[in-house]
Amino acid sequence: MTSADDFVIQLALDKGVLTPEQVDAAREVVSSHTDLTVAPPRLLDILIAEHGFTTKQAAKLLADEFGMPMIDMANVRATTELMALLPRSLAAKHTAFPVSREGNTLRVAISDPLDVDAIDSISHYLKMNVEPVVAPADEIRTHIDRFYGKDEESMEKLLSDISTGEEAQVVSAEAAAAAVGAAEGDSDDAPIIKLVYQIIIEAIQRRASDIHLEPLEKRFRVRYRIDGVLVEVDNPPKRLQLAIISRLKIMANISIAEKRIPQDGRIQVTVGSKSLDLRVSSLPTSHGESIVMRILDKEGLQLGLPELGFLSDDQATMERIITLPDGLFLVTGPTGSGKTTTLYSCLHFINKPDRKLITVEDPVEYQLSGINQVPVRTEVGMTFANALRSMLRQAPNIIMVGEIRDLETAEIAINASLTGHMVFSTLHTNDAPGAVTRMIDIGVKPFLVSTSLRAIMAQRLVRKICKKCKHPYTPDPRELRSLNITAQQAANASFAKGAGCENCHGAGYRGRAGIFEIFVVNDELQRMIYENVGTSRLRDKARTLGMRTMREDGLRKVLTGMTTIEEVVSITVGDAA
């Protein structure tokens, strides 16, 4: 029996919560234990199991004795930020759980106020002040399993568990698959399976949008794309490359024997109460197959327009555009600029019971309730164009075409917009006016473009300054000149930067927001498009009518302290003129 148990039992006797007879009866059970191969039961456990004493009573006695507050763990909902501060290994070791944070002080639920070493250890690790509150040990352990996951292991621990001997080297994909399959049959805790799972879980916890597993000549590199920037993490040994890739291909339900051509698949994972889809792409390279997994989180699609980065005036413009009864609305930008998220958020905004929405996508990235989603399957002739033709017979109000890639798709989309449908789609162009020229280059007649087009929006993503370590700063003259910031604008601005903290993993940025260029087609622009004038003239005219370029919209977000000058300059370098 530990000294802490003795202390609790004595407190219970002093307060009349337990009687001497109950304690004596429990001691009899302990002393009657004769099986030397099994550790004797704890006296406190017997009192709890057989004499009506509860862990909550024990915690209350300790809290009262030390003048500490007691917390009801049922009301504690940990956040990702708090759990990132206190790792699971430390929480499990000291039976502690992070409750809340205020400045440099972390409030932590503990079960044993006598364990001063635990409080000191947590404080030393975090380099923060720790304010302990008392809670029952079993409730804390339940919370650790619920929010951190059961028996989570670190990447380093998993790697150390895998044999380093030459006999463990996998020489072929088939052998790797056989090893993985055998391990899976024997135990769900096989090291390779746990390692792959941990790579995915760590990426999700760090808010990554992609996981890149890249075979190089002498190493197997793992990188996460966090807020648009690739960050390298602990690399597994090169000899595990085939085993890891084979495990991922089995999970994604793609062929492990085929290594000569690219393949695509999907993996579904559940983290806590959240279900996520991973879109898996394998690509043969000179040193093995490269795997990229896109993490698809439906919750990101429930964002309102302000969360996407729209300021109030642009939000009002967007709401007016997407609620029009018919016409064509295009979102443009490079891969990874957030076009799909923007379009899905627009669909979510206008998805009402009295409207029928159909999308055709390649592939269907997110499953959305209340919307009919059609996947492209070119191998059976289900192209964008063929799907669009069939969709029109379904009498939709709103259509979303994942991407306009060719003349046939463009013409059907435009014809749909001219016959009473609102059509959303994406296009790959550098700016909004350039989409007009792109449509005409594809082969669409200028008069069809001018008649159908309602608006075009170009967008990019910039990293937002971390709110936890955000602090004001004064940019130097060179920085001000890079965005042509006037003295008057600088005087009224709220310039800020992130110092780097645990919340943002030292980056100074956390999360991303869009910067936008909204090209709204009016009568004048419609006539210019019909006359097939150049992109530069369209841009000049749109700017005289009030269109802001992406760089100018980025400037507004710098002046309000949302992002930094460096971010906007690096993303919108083409807008300098």
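The values are calculated or read from the model by the stated rules, or taken from the named source; none is laboratory data. Everything quoted here is computed from the prediction, not taken from an experiment. With ideal geometry, Cβ positions are generated from the backbone for all residues, glycine too; neighbour counts draw on all protein chains shown. In case anyone asks, the SASA skips ligands and DNA or RNA and just uses the protein heavy atoms, side chains included. Shrake-Rupley method; radii C 1.70, N 1.55, O 1.52, S 1.80 Å.
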* To do: Exactly one condition in (1) within 30 Å of residue 220 (Cα to Cα); (2) modelled with pLDDT under 85 is not met by residue 304; state its number.
  => (1)
* Asked: For the range 536-550, what are the residues that are surrounded by 14 or more Cβ atoms within 10 Å (Cβ to Cβ) and either aliphatic (A, V, I, L, M) or under 26 Å from the mean Cα position of the chain (by Cα) (or both)?
  -> 538, 542, 547, 550
* **Filter result for the condition that a residue is over 34 Å from the mean Cα position of the chain (by Cα), open to solvent by less than 50 Å² (accessible area, probe 1.4 Å) and of a type outside the set (Val, Ile, Thr), over 392, 427, 448** => 448
* For the range 75-100, name all the residues that are open to solvent by 40 Å² or more (accessible area, probe 1.4 Å) and out of contact with any strand residue (DSSP E or B) (no Cβ under 7 Å at 6 or more places or on another chain). => 75, 77, 79, 80, 81, 84, 89, 92, 93
* **Set 402, 333: member being open to solvent by less than 50 Å² (accessible area, probe 1.4 Å) and touching a Lys or Arg at 6+ places or on another chain (Cβ under 9 Å)** => 333
* To do: Mind counting the residues in the range 497-540 that are out of contact with any strand residue (DSSP E or B) (no Cβ under 6 Å at 6 or more places or on another chain) and in a strand (DSSP E or B)?
  => 2
* To do: Please state which of the following conditions residue 386 fails to meet, knowing it meets all the rest: (1) crowded, with 20+ Cβ neighbours inside 10 Å; (2) of a type outside the set (Phe, Trp, Tyr); (3) more than 26 Å from residue 519 (Cα to Cα).
  => (1)
* Asked: Quick check, is residue 325 open to solvent by 70 Å² or more (accessible area, probe 1.4 Å), in contact with a strand residue (DSSP E or B) (Cβ under 6 Å, 6 or more places away or on another chain) and either modelled with pLDDT of 85 or more or among the acidic types (Asp, Glu) (or both)?
  -> no
* Asked: Can residue 475 be described as of a type outside the set (S, T, N, Q), surrounded by fewer than 18 Cβ atoms within 10 Å (Cβ to Cβ) and in contact (Cβ under 8 Å) with a residue 40 or more places away in the chain?
  -> no
* Asked: What pairs come up if the first residue lies in the range 182-210 and is assigned to a loop (DSSP other than H, G, I, E, B), the second is modelled with pLDDT of 80 or more and acidic (Asp, Glu), and their beta carbons are under 9 Å apart, counting only those six or more places apart or on different chains?
  -> 207/227
* To do: Please work out which one of (1) closer than 26 Å to residue 44 by Cα; (2) buried (at least 21 other Cβ atoms within 10 Å of the Cβ) is the condition residue 122 fails and give its number.
  => (1)
* Can you tell me which residue among 43, 47, 13, 36 is more than 30 Å from residue 126 (Cα to Cα), open to solvent by 40 Å² or more (accessible area, probe 1.4 Å) and modelled with pLDDT under 80? => 36
* To do: With the checklist (1) open to solvent by 40 Å² or more (accessible area, probe 1.4 Å); (2) modelled with pLDDT of 90 or more in hand, flag the one item residue 237 doesn't pass.
  => (2)
* Taking the range 240-252 as the region of interest, how many residues are open to solvent by 20 Å² or more (accessible area, probe 1.4 Å) and within 17 Å of residue 204 (Cβ to Cβ)? -> 1
* Single match in 449, 444 (criterion: over 30 Å from residue 370 (Cβ atoms) and in a loop (DSSP other than H, G, I, E, B)) -> 444
* Kindly provide the set of residues from the range 54-74 that are touching a strand residue (DSSP E or B) at 6+ places or on another chain (Cβ under 7 Å), open to solvent by 20 Å² or more (accessible area, probe 1.4 Å) and assigned to a helix (DSSP H, G or I), ordered by number. => 60
* When you look at residue 432, is it in contact with a helix residue (DSSP H, G or I) (Cβ under 9 Å, 6 or more places away or on another chain), part of a loop (DSSP other than H, G, I, E, B) and at pLDDT 90 or above, yes or no? -> yes
* Starting from the range 380-393, keep only residues that are in contact (Cβ under 8 Å) with a residue 12 or more places away in the chain, then list their pairs with residues that are in a helix (DSSP H, G or I) and open to solvent by 10 Å² or more (accessible area, probe 1.4 Å) whose Cβ atoms are within a distance under 6 Å, requiring at least 6 positions of separation or different chains. => 385/408; 385/412; 388/412
* Is at least one residue of the range 480-494 surrounded by 15 or more Cβ atoms within 10 Å (Cβ to Cβ), under 21 Å from residue 460 (Cβ atoms) and at pLDDT 90 or above? -> no
* Asked: Just one of 520, 462, 533 is surrounded by fewer than 22 Cβ atoms within 10 Å (Cβ to Cβ) and under 26 Å from residue 343 (Cβ atoms); which is it?
  -> 520
* Residue in the range 346-372 that is farthest from the chain's Cα centre (by Cα), counting only those that are open to solvent by 60 Å² or more (accessible area, probe 1.4 Å) and within 16 Å of residue 402 (Cα to Cα) -> 372
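Residues checked against (1) under 24 Å from residue 335 (Cα atoms); (2) modelled with pLDDT under 90:
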| position | (1), (2) |
| --- | --- |
| 174 | no, yes |
| 178 | no, yes |
| 192 | no, yes |
| 195 | no, yes |
| 202 | no, yes |
| 213 | yes, no |
| 216 | no, no |
| 228 | yes, yes |
* To do: Kindly indicate the residue of the range 257-278 that is open to solvent by less than 50 Å² (accessible area, probe 1.4 Å) and more than 26 Å from residue 206 (Cβ to Cβ) and also modelled with the highest pLDDT among those meeting that condition.
  => 263
* To do: Looking only at the range 453-496, count how many residues are among the hydrophobic types (A, V, I, L, M, F, W, C), in a loop (DSSP other than H, G, I, E, B) and under 24 Å from residue 539 (Cα atoms).
  => 2
* Structure fact -> residue 293 vs (1) touching a Leu at 6+ places or on another chain (Cβ under 6 Å); (2) more than 25 Å from residue 505 (Cα to Cα); (3) buried (at least 17 other Cβ atoms within 10 Å of the Cβ): all pass except (2)
